[in-house]
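J.: Sharing a structure, written as structure tokens. Questions coming.
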Amino acid sequence: MKKDIILSGVGGQGILSIAAIIGLAAIEKKLFVKQSEVHGMSQRGGAVQSHLRISDKEIASDLIPYGESDIIISVEPMEALRYLPFLSSHGWIITSTTPFVNIPNYPDLDALLNQINSYKNVIAINADEVARRIKTPKASNVVILGAASPFLEIPLENLEGGIRSLFGRKGEEIINMNITALNAGVEESKKYYQLSGL
Amino acid sequence: MKKLLLLGAEAVAQGAIDGGMSGIYAYPGTPSTEITEYVQNSKIATERKIHRQWSANEKTAMESALGMSYAGKRAMVCMKHVGLNVAADPFINSAITGVNGGLIITVADDPSMHSSQNEQDSRYLGKFAMIPILEPCNQQEAYDMTREGFVLSEKYKTPIMIRITTRLSHSRYGVEVKEMKVQNSASLPDDPKQFVLLPAIARKRYKILLDNQINFEIESEKSLFNKFYEGEDKSLGIIACGIAFNYLMENYDDQKCPHPLVKIGQYPIPKKLIDKLYSQCEKILVLEDGYPFVEETVKGFLDSNKKICGRLDGSLPRDGELNPTLVAKALGLPTKEGLPIPEIVVNRPPELCNGCSHRDVYEALNEAMKSFGEKRVFSDIGCYTLGALPPYNSINSCVDMGASITMAKGAADAGLIPSVAVIGDSTFTHSGITGLLDAVNENSPITVIISDNSAVAMTGGQQSSATGKIKDICIGVGVNPEHVKVLLPVPKQHNEMVKVMKEELAYNGVSVIIAQRECIQTVSKNKKSKK
């Protein structure tokens, strides 16, 4: 088993939490995990990415080679497209459609979503709306993780375990909120499947 | 054995704790900050009373670490690559004095300049100091090298360098930790003159360093971190240094390279292993992150009959960090491409946070500068460097820590009046105070704006040495108290700020404007932690 995942978004949107939850879940499954992340200047509202690699064998490189990523998980639609050179020909894009507009020349949203939907393996959901609907507005990143979970080959219970270890110190309420968001993401993903006839 | 999931930086820190370290000294700097933070957050480090307060700058950190070593204990100093320039004087001289307790200098280089002004390769400075250098290929080696590094340092009474890069520092993997060693008890150097670098003594000490060079080479030849791997396909021999080893292995199933290979993790370069490789193979490919340090060196000592490829002959790019795809291309292996980035994707550069006090400073400064002319604002290293980008476009320089004040002074000396410096609080206490003294001594017509957010913000809001002290420092250095103004940078105070700035810009001498409001990131972080 080997999964190479690119996580993307804007600094402060919580991609490192997604990485940590998947990482902890993979370790629970006794898999090897290698994860490189971004610190420093780009965290200030800039584009950020993380390379997350999971395997049942030792992992050599901290970076995923170009064209070999199985999944791009993005919490922001434009950022989902920035790392396409890493995506393999059979890879999936799982992204939120909620734009994070902090630049004056942010592209037209409809054009952007059309572009996203022009790729063959896409799941695009409005994670912020879902998170608001289930009253966990701060957990839209975990909604996206839920949407991506069917592609991870890691059982949902292990991801829940990851949430428990990551947020353990913050109390039961926060844990439950994130688990609710995770499950909502899974449901959205299924719906998207049915709608697009996949 | 216990396995921890650690960043490379954290593996260095855990290795240092387990290696019996008694103190860590550092100034924050990406990608090295997490080493010290890990020790600061470590319970065991608290129990062991390990020193882990931030220092004012890398030079003071280096000297404090050397002092701890003098007193017999094991110490580490860590910094980003350009921080070693600041600490270069005590660093080079510590190789001459030698050490008492083990001393490790950990330097985190930033190839590709993810968060830096240059991508200098610290191995050159390690070689310049003529000390052993350890370069881990992964998190486990980062741990092991640090834990064992103190032993190597004490064996030859020499400081040693550990060189990591951004990618390793900020990447996590499982690390097997070993038992914790006891800390050294305090002891004084046997020779009371060892650390007295008067010329007569320094000459003797230098001879000791020179005599040790052969020992360092022998250590490299037998080091477990340098390894020769046999290979069937001798059309090519490979030298892979540090993390480049991982990128190489990524290209082969089960991590088995068909070519003879020398993995380098310890310097000086293990010449015998390289000679063996050279004698077997038709040509050599050198893989290393950073400058072509090994490539240049082996070209110097091998005969020139065979081709040596790497960053110098174009097999690999001359700049930027390596990755598995670049390495595959250099090996002539097939690579994949993925899809192109569509045109609709635009750049998203970092920006000042909403509500950041630097924004208010630049709003006011831009207005105040209108009547004084453009291209005369010198700035410095920190979040406020983002003032160079739209919408502000306020500053015209960012060179090194503290340079804003001294460059403004030099420009004023040349007749650019007024000249302005914009510097942060922690950058000011890092390297700005002495420059301000220069300006005071000549009553230079400069206006220094200290944008004080009471934190080392860019690296994550570490405690600033300057907090609560800036006004006193400026007056203490000799700035006329009438020209030390304290402002509150909020939108409501905009007009007041513009007025004060204009007055001080018109003043024909040194003035300091302290714009003081805490970083909004640290404000919200502190709120959260109080909850």
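J.: Out of the residues in the stretch B:170-190 that are in contact with a Ser or Thr (Cβ under 7 Å, 6 or more places away or on another chain) and under 21 Å from residue B:265 (Cβ atoms), state the one that is farthest from the other protein chains (Cβ to nearest Cβ).
T.: Only one residue fits best here, namely B:170.
J.: Same structure again: Tell me, yes or no, whether the stretch B:468-482 has at least one residue that is in a loop (DSSP other than H, G, I, E, B) and polar (S, T, N, Q).
T.: Yes, the stretch B:468-482 contains a residue that is in a loop (DSSP other than H, G, I, E, B) and polar (S, T, N, Q).
J.: Filtering the stretch B:350-377 down to residues that are in contact with a Gly (Cβ under 6 Å, 6 or more places away or on another chain) and part of a loop (DSSP other than H, G, I, E, B), which residue is surrounded by the fewest Cβ atoms within 10 Å (Cβ to Cβ)?
T.: The residue in question is B:351.
J.: Taking the stated definitions as given, is residue B:59 modelled with pLDDT of 95 or more, in the same structural domain as residue B:174 (by TED's automatic domain parsing) and within 18 Å of the chain's Cα centre (by Cα)?
T.: Yes: the conditions hold for residue B:59.
J.: Also: What residue, of B:427, B:459, B:447, is assigned to a strand (DSSP E or B), surrounded by 24 or more Cβ atoms within 10 Å (Cβ to Cβ) and in contact (Cβ under 8 Å) with a residue 40 or more places away in the chain?
T.: Among B:427, B:459, B:447, only B:447 is assigned to a strand (DSSP E or B), surrounded by 24 or more Cβ atoms within 10 Å (Cβ to Cβ) and in contact (Cβ under 8 Å) with a residue 40 or more places away in the chain.
J.: Please return the ranges of helices (runs of 4 or more DSSP H) entirely within the stretch A:46-148 where 2 or more residues are under 28 Å from residue B:250 (Cα atoms) and either without any contact (Cβ under 8 Å) to a residue 24 or more places away in the chain or within 12 Å of chain B (Cβ to nearest Cβ) (or both).
T.: Output list reads A:77-82.
J.: Could you please find all residues in the stretch B:335-381 being among the basic types (Lys, Arg) and facing another protein chain (nearest Cβ under 10 Å)?
T.: Selection gives B:336, B:348.
J.: Any chance the stretch B:206-213 includes a residue that's assigned by TED's automatic domain parsing to the domain that holds residue B:122, in contact (Cβ under 8 Å) with a residue 24 or more places away in the chain and in contact with a Lys or Arg (Cβ under 6 Å, 6 or more places away or on another chain)?
T.: No, there is no match, as no residue in the stretch B:206-213 is assigned by TED's automatic domain parsing to the domain that holds residue B:122, in contact (Cβ under 8 Å) with a residue 24 or more places away in the chain and in contact with a Lys or Arg (Cβ under 6 Å, 6 or more places away or on another chain).
J.: Also, I was wondering about something else. Might you let me know whether the stretch A:12-32 holds any residue that is facing chain B (nearest Cβ under 7 Å) and touching a Pro at 6+ places or on another chain (Cβ under 7 Å)?
T.: Scanning the stretch A:12-32, I find no residue that is facing chain B (nearest Cβ under 7 Å) and touching a Pro at 6+ places or on another chain (Cβ under 7 Å), so the answer is no.
J.: Across the stretch B:7-31, what is the total count of residues that are within 19 Å of residue B:137 (Cβ to Cβ), within 14 Å of chain A (Cβ to nearest Cβ) and touching a Ser or Thr at 6+ places or on another chain (Cβ under 7 Å)?
T.: Going through the stretch B:7-31 one residue at a time, the tally reaches 4.
J.: Can you name the residue in the stretch B:191-208 that is aliphatic (A, V, I, L, M) and in a loop (DSSP other than H, G, I, E, B) and, of all such residues, is farthest from the other protein chains (Cβ to nearest Cβ)?
T.: B:198
J.: Also, I was wondering about something else. Does any residue of the stretch A:149-157 turn out to be assigned to a loop (DSSP other than H, G, I, E, B) and either within 11 Å of chain B (Cβ to nearest Cβ) or crowded, with 24+ Cβ neighbours inside 10 Å (or both)?
T.: No, the stretch A:149-157 has no match at all.
J.: I'm trying to understand the selection: among the residues of the stretch A:153-181, which are touching a residue at least 40 places away in the same chain (Cβ under 8 Å) and closer than 16 Å to residue A:15 by Cα?
T.: Selection gives A:159, A:162, A:163, A:166, A:178, A:181.
J.: Which pairs turn up if I take residues in the stretch B:399-424 that are without any contact (Cβ under 8 Å) to a residue 40 or more places away in the chain and on the phi > 0 side of the Ramachandran plot and look for partners that are surrounded by 17 or more Cβ atoms within 10 Å (Cβ to Cβ) and part of a helix (DSSP H, G or I) with beta carbon separation below 7 Å, at least 6 apart in sequence or on another chain?
T.: That search, which allows pairs on different chains as well, returns B:402/B:427; B:402/B:430; B:402/B:431; B:402/B:432; B:402/B:435.
J.: Just checking, does the stretch B:270-285 include any residue being in contact with a helix residue (DSSP H, G or I) (Cβ under 7 Å, 6 or more places away or on another chain) and of a type in the set (Ser, Thr, Tyr)?
T.: no
J.: What number of residues in the stretch B:386-403 are within 14 Å of chain A (Cβ to nearest Cβ) and surrounded by fewer than 22 Cβ atoms within 10 Å (Cβ to Cβ)?
T.: Residues meeting the conditions: 7.
J.: Another question about this same structure. Taking the residues in the stretch B:485-514 that are β-branched (Val, Ile, Thr) and under 26 Å from residue B:461 (Cα atoms) as candidates, determine which candidate is surrounded by the most Cβ atoms within 10 Å (Cβ to Cβ).
T.: The qualifying residue surrounded by the most Cβ atoms within 10 Å (Cβ to Cβ) is B:512.
J.: Being closer than 18 Å to residue B:124 by Cα and at pLDDT 95 or above narrows it down to one residue among B:50, B:92; which is it?
T.: Unique residue meeting the criteria: B:92.
J.: From (1) surrounded by 21 or more Cβ atoms within 10 Å (Cβ to Cβ); (2) touching a Pro at 6+ places or on another chain (Cβ under 6 Å); (3) within 20 Å of residue B:369 (Cα to Cα), pick out the condition that doesn't hold for residue B:517.
T.: Here residue B:517 clears every test but (3).
J.: Tell me whether the stretch B:91-103 contains one or more residues that are part of a helix (DSSP H, G or I), more than 24 Å from residue B:203 (Cα to Cα) and β-branched (Val, Ile, Thr).
T.: For the stretch B:91-103, residues part of a helix (DSSP H, G or I), more than 24 Å from residue B:203 (Cα to Cα) and β-branched (Val, Ile, Thr): absent.
J.: Determine which member of the set A:87, A:7 is at pLDDT 95 or above, surrounded by 24 or more Cβ atoms within 10 Å (Cβ to Cβ) and within 21 Å of residue B:460 (Cβ to Cβ).
T.: A:7
J.: Among the numbered criteria (1) β-branched (Val, Ile, Thr); (2) outside the structural domain of residue B:459 (by TED's automatic domain parsing); (3) out of contact with any helix residue (DSSP H, G or I) (no Cβ under 7 Å at 6 or more places or on another chain), which one does residue B:385 miss?
T.: Of everything listed in (1) β-branched (Val, Ile, Thr); (2) outside the structural domain of residue B:459 (by TED's automatic domain parsing); (3) out of contact with any helix residue (DSSP H, G or I) (no Cβ under 7 Å at 6 or more places or on another chain), residue B:385 misses just condition (2).
The values are calculated or read from the model by the stated rules, or taken from the named source; none is laboratory data. Note that the structure is predicted; figures quoted are calculated from it, not measured. Note that each Cβ is placed from the backbone with ideal geometry, even for glycine, and that neighbours are counted across all protein chains shown.
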